[in-house]
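The values are calculated or read from the model by the stated rules, or taken from the named source; none is laboratory data. Since we're looking at a predicted model, the values are computed, not measured. Cβ sites come from the backbone with ideal geometry, for glycine too, and all protein chains shown count toward neighbours. What goes into the accessible areas is simple: the full protein's heavy atoms, side chains included, and nothing from ligands, DNA or RNA. Shrake-Rupley method; radii C 1.70, N 1.55, O 1.52, S 1.80 Å.
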Amino acid sequence: MSRDPARLTQAFASLVGQDVQDERIDLVRAALVIAQTEYPNLDLDAYCAHIADLARRAKRMVPDLGDPSESIAALNRVLFEEEGFRGNAEDYYDPRNSFLNDVLDRKLGIPITMAVVYMEVARRVGFPLVGVGMPGHFLLKHYDVEGREILIDPFNRGDVLTARDCQRRLDQIYGGQMPLQPEFLVAVSRRQVLVRMLNNLKSIYLSSRNFRKALPVVNLILAIYPRSPEDVKQRAMLRWSLGQSRGALADLEDYLKMSPDASDADEIRQTAAALRRMMATMN
């Protein structure tokens, strides 16, 4: 059954709302709901079952869950050797790289969607991982029994990285202009993983001026962080561009309530006043 945008946002909010503890967020199902912005008839249960099947195959290869190297080797064998998953360096900005169903079908993704597949298969194996929001290149981290950190790069066939390797990744992306900082390797929450996925997708749509597709993505970001002033303002501008004057005005008014002293508050007040005048002439 297809979903209208309001129901889709409601379904997403039920998975990620503030009443849901972060560690209890179903990351696979939430990522698949994001994909429903493009594929409204998507069978979520089928793709959840596919993740579970990958985990069962990997788990059969792990003789000792206490040995991280065994778990990493099993995950890498199933995902990269048997299944052929790989990072899509050739067409990095293809929006399909951000939809989990496409990643599972095509076996191609960007760092964060490859990380979601890897992390969620690993979780079902009994090998806990957390996301690491390094700028430009999302990673995963495991803490061993002695508290040592193991960094994994699912975009590059599950490579285990050192800090020096991370600096090399940054050098490739930023031309040697960004030194590695300790905060780059801090674990992020499951909500932050989803917001980063959504921001990637939003950026793709905005760069092609596809405001119609960008709007439902911003709605999902606001389902996670409803009091984010910048996202409320961005939704106002998207709604205005799409001729949704009433919704745009409501968002501008909310933005001013949230950030009355913002640097652009006077400009936003003028924009809101212009919208009110325009709407008055249409009544």
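Is the shape of the range 184-231 best called rounded, prolate or oblate, per the rule: a/c under 1.5 gives rounded, else a/b larger than b/c gives prolate, else oblate, with a ≥ b ≥ c the square roots of the Cα gyration tensor eigenvalues? Taking the square roots of the gyration eigenvalues as a ≥ b ≥ c, the range 184-231 is oblate. Taking the Cα centre as origin and putting +1 on Lys and Arg beta-carbons and -1 on Asp and Glu beta-carbons, what dipole magnitude results for the range 42-174, to the nearest 20 debye? Taking the Cα centre of the range 42-174 as origin, the dipole is about 100 debye.
Counting pairs of alpha carbon atoms under 8 Å apart in space and at least six apart in sequence, what relative contact order in percent does the chain give? Present the calculation step by step, with values, prior to reporting the outcome.
Working: 372 pairs, mean separation 44.9, N = 283.
Relative contact order comes out at 16 percent.
Comparing Asn210, Asn200, Asn97, which has the greatest mean-square fluctuation in the GNM of the chain with Cα pairs linked when under 10 Å apart? Looking only at Asn210, Asn200, Asn97, the largest GNM fluctuation is found for Asn210.
With Cα atoms defining each centre, the range 145-177 and the range 238-283 are spaced 44 Å apart in the structure. Helix 211-224 sits at what angle to the longest principal axis of the chain, using alpha carbons and giving 0 to 90 degrees rounded to 10? The two axes meet at around 70 degrees.
Beta-bridge orientation, the chain: approximately 85 percent antiparallel, per DSSP, counting only bridges with both partners inside.
For the range 220-269, which whole-number percentage of the solvent-accessible area (1.4 Å probe, protein heavy atoms only) is attributable to carbon and sulfur atoms? Summing carbon and sulfur atoms, their accessible area is 47 percent of the total for the range 220-269.
Each of Gly147, Leu249, Leu54 was placed along the dipole of the chain (beta-carbon charges, centred on the mean Cα), and the one lying farthest toward the positive end is Leu249.
For Asp153, Asp64, give the ranking by accessible area with the largest first, probe 1.4 Å.
Asp64, Asp153
Using +1 at the Cβ of each Lys and Arg and -1 at the Cβ of each Asp and Glu in the range 1-88, identify which of Gln10, Val20, Tyr39 lies farthest towards the dipole's positive end. So the residue furthest toward the plus end is Tyr39. Taking all protein chains as they are arranged and a probe of 1.4 Å, the heavy atoms of Thr162 leave approximately 70 Å² accessible to solvent. Taking every protein chain into account, the 1.4 Å probe leaves Met119 with about 10 Å² of accessible area, to the nearest ten.
Among the GluC sites (Glu not before Pro) within the range 24-112, those in coil by DSSP and having at most 13 neighbouring Cβ atoms inside 10 Å are Glu90.
Go through Ser241, Ser259, Ser71 and list them by solvent-accessible area, largest first, probe radius 1.4 Å. Don't skip to the answer; put the middle values down first.
Details: Ser241 75, Ser259 25, Ser71 0 Å².
Greatest to least solvent exposure: Ser241, Ser259, Ser71.
Relative to the longest principal axis of the Cα atoms of the chain, helix 44-59 runs at roughly 20 degrees. Specify whether the C-alpha gyration tensor of the range 91-133 places it in the rounded, prolate or oblate class, a ≥ b ≥ c being the square roots of the eigenvalues: rounded for a/c under 1.5, otherwise prolate if a/b is larger than b/c and oblate if not. The shape class here is oblate. The overall shape of the range 81-180 is oblate: from the C-alpha gyration tensor, with semi-axes ordered a ≥ b ≥ c, the ratio a/c is 1.5 or greater and a/b is no larger than b/c.
Between Gly17, Gly147, Gly109, the Gaussian network model of the chain with springs among Cα atoms under 10 angstrom shows the greatest mean-square fluctuation at Gly147. Please enumerate, by chain and number, the lysines with C-alpha under 23 Å from the C-alpha of Lys202, excluding those fewer than 8 residues away in the same chain. Partners found: Lys107, Lys213, Lys233.
About its Cα centre, how strong a charge dipole does the chain have in debye, to the nearest 20, once Lys and Arg get +1 and Asp and Glu get -1 at the Cβ? Don't skip to the end; give the middle numbers.
On the way: 37 positive and 38 negative charges, 163 e Å.
It comes to approximately 780 debye.
Between the range 208-231 and the range 78-142, the alpha-carbon centres lie 23 Å apart.
Keeping the other protein chains in place, figure out the carbon and sulfur percent of the accessible area of the range 89-180, with a 1.4 Å probe.
Values: 1980 of 3960 Å².
About 50 percent, which is the carbon plus sulfur part of the accessible surface.
Ligands, DNA and RNA are left out, and with a 1.4 angstrom probe the accessible area of the chain is 49 Å² per residue.
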